[in-house]
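First up is the structure itself, then whatever we jot down about it.
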Amino acid sequence: MSVQETALSKALDDILTHRKQSGLPVFSIDGPFLSSPPDFFSNDYLSLSTNSLLRELFLRKAASVPRLFGATGCRLATGNGEDYRNLEERLAHFFQSPDALLCTSGSVANQGFWSTVPQPGDVLIFDQLTHFSSCDGAQLSQIPKDMQYTFEHNSVSSFKRCLEDVLKKHHAQIVQGTGTVFVAVESLYSIDGDFSPLEDIVQIVEELVPKGHAHVFVDEAHTSGVLGPDGRGYVAHLGFGERVHTKMHTLGKAWGHQRGVLATSSTVRKYLLNCCKALGYTTCIAYMDLHVLNCSLDIISGPKGQELRDTLVHVVRYTRTHLDNALRHFPAHILSLSLPSTHLPDDDLDRVAAARRAELKPYSPVIPLITPHAIDLADYLVRCGYNAAALVYPVVNVSTVRVIVHAENTEAEVDRFVETVAEWATAKMQTVAQEGQHVVEVSGESCGR
Ligand SMILES: Cc1ncc(COP(=O)(O)O)c(C=O)c1O
């Protein structure tokens, strides 16, 4: 090994050690691997990745199509096959959008859009908890830092103040000029499982920004296939169609496969393909993937998709009720299902929006278990055979173990899981009481099974 490699290895090891010391997770991705535990942690919301109908539809298709493997080139060369365009047209129609651009992943779609579409003189406003891939894209864009703004997560009042401020400061570009205000939100934020107050945000944009000078972007990663008529997403659920300019749907979560799609205008699509190298100049998605995604779309938009969504809502309700019953008597310094009151809105605009969003809870498969002992709880769940992971500061402000339920979780699986969490909480109460302190990380309770 050369001296340089040794120095580099040491530098990289030091960074990982520092990461761990400052509380950031450092994952061991080389095992041990859990063998098919009941799934309470993946993004496979409709359980499509293991769905036998999807498998059957794909295998039938695969046996009959002329091309299956590879794509042979990039979009601007030999990769631009008819199958590609056909699927994009289907997706554009499904997402009720003028056009659609398939991308290698949701992250690439976000990064490609934000790094390339905003033009000098434009302003970006992001929810503070926007996914890293959009933030990375914005960093690579032509928009200087002082033209990029964030507002407090899901706070309508903070968004309104931010937009008013932006319009005052950049009056010349936006109100009198040719600039555009871009606004980025996610439909459902996957850390706390909370929906964006999209209705209020869109309404404020329409009231304050001169017509034609705003571009609202919604990342539908966690609602695609799950919410709205035929699983078209949150924007469709709200009936917002044209009031949102670009929607990004990931196809690796409820869709059971992989990839991402930007549902947007034909101009944005054409511009991205020509000007975003990461989208136009990369080998296209293989034919096989196009076939799987066509089959996923057949299921999601058909009666089986509706059945899976109905079942998911039932599982969400069942799990929330049972967790609530089993955990409600534990104090918040052990475990809670709701955020501490210091995180609740104190502004009227926000209270109204929060109440409206609370009605959507049965549609959020993400249920955070809020606990200062998140690492301990996750370790316990892993010892009990679950694929759990903790989210702790500085990744999140309030540490949690994020539970995600799925269409194929059975009531018996939920019962066992809830029992396991309650067992941990009971043991933790005793440990904390014995030690006479509230916030302490203790590990070592063995799994009750
Ligand atoms: C909100 C959000 N956007 C985008 C992505 C990226 O999607 P993909 O996994 O397809 O790259 C994720 C993935 O977790 C996400 O949570």
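Every read-out reported here was derived from the displayed coordinates using simple, explicitly stated rules and does not represent laboratory data. Just so it is clear, the model here is predicted, and its values are computed rather than measured. As a convention, Cβ positions derive from the backbone with ideal geometry for all residues, glycine included, and neighbour counts pool all protein chains shown.
With +1 on the Cβ of every Lys and Arg and -1 on the Cβ of every Asp and Glu, and nothing else charged, how large is the dipole of region 65-300 about its Cα centre, in debye rounded to the nearest 20?
Using Cβ point charges on Lys, Arg, Asp and Glu, region 65-300 gives about 640 debye.
With a 10 Å radius around each residue's Cβ, average the other Cβ atoms per peptide and rank 86-96, 242-252, highest first.
242-252, 86-96
Which residues' amide hydrogens lie under 5 Å from the amide hydrogen of residue 151, considering only partners 5 or more residues apart or on another chain, with H built in the peptide plane?
126, 127, 128
Can you work out the Karplus-derived ³J(HN,Hα) for every residue in region 173-180? Use 6.51 cos²θ - 1.76 cosθ + 1.60 with θ = phi - 60°, whole Hz, and x for glycine or proline.
Here the 3J(HN,Hα) series is 6, 8, 6, 9, x, 10, x, 10 Hz.
Exceeding 29 Å between C-alpha atoms, which entries from my cross-link table qualify? They are 253/428; 10/145; 211/277; 247/304.
Among 253/428; 10/145; 211/277; 247/304, the Cα-Cα distance tops 29 Å for 253/428; 10/145; 211/277.
Which one of 79, 106, 203 has its Cα pushed farthest toward the positive end of the charge dipole of region 65-300, where Lys and Arg give +1 and Asp and Glu give -1 at the Cβ?
79
Which order do the peptides 99-112, 421-434 take when ranked by the mean count of other beta-carbon atoms within 10 Å per residue, highest first?
Top of the packing list down: 99-112, 421-434.
From the helices alone, meaning DSSP H stretches of at least four residues, give me the mean residue ellipticity at 222 nm for the chain, per-run term -39500 (n - 2.57), in deg cm²/dmol to the nearest 500.
-13500 deg cm²/dmol
What does region 65-300 give for Rg and for Dmax, in Å, if only its C-alpha atoms count?
Rg and Dmax of region 65-300, Cα atoms, are 17.4, 58 Å.
Would you please give the residues with an amide H less than 5 Å from that of residue 40, counting only those at least 5 places away or on a separate chain, with H modeled from the backbone geometry?
Amide H neighbours of residue 40, under 5 Å, 5+ apart: 387.
Just for the chain, what percent of DSSP beta bridges are antiparallel, to the closest 5?
That works out to approximately 55 percent antiparallel.
Among bridges DSSP assigns within region 65-300, what percent are antiparallel (round to 5)?
Rounded to the nearest five, the antiparallel share is 40 percent.
Can you list the equivalent-ellipsoid semi-axes of the chain, largest first and in whole Å, using the square root of 5 times each Cα gyration tensor eigenvalue?
36, 29, 24
Amide H to amide H, which residues 5 or more places from residue 390 or on other chains are under 5 Å from it, using H placed in the peptide plane?
none
Arrange the peptides 122-135, 195-208 so that the one whose residues have, on average, the most other Cβ atoms within 10 Å appears first.
Ranked from most to least packed, the peptides come out as 122-135, 195-208.
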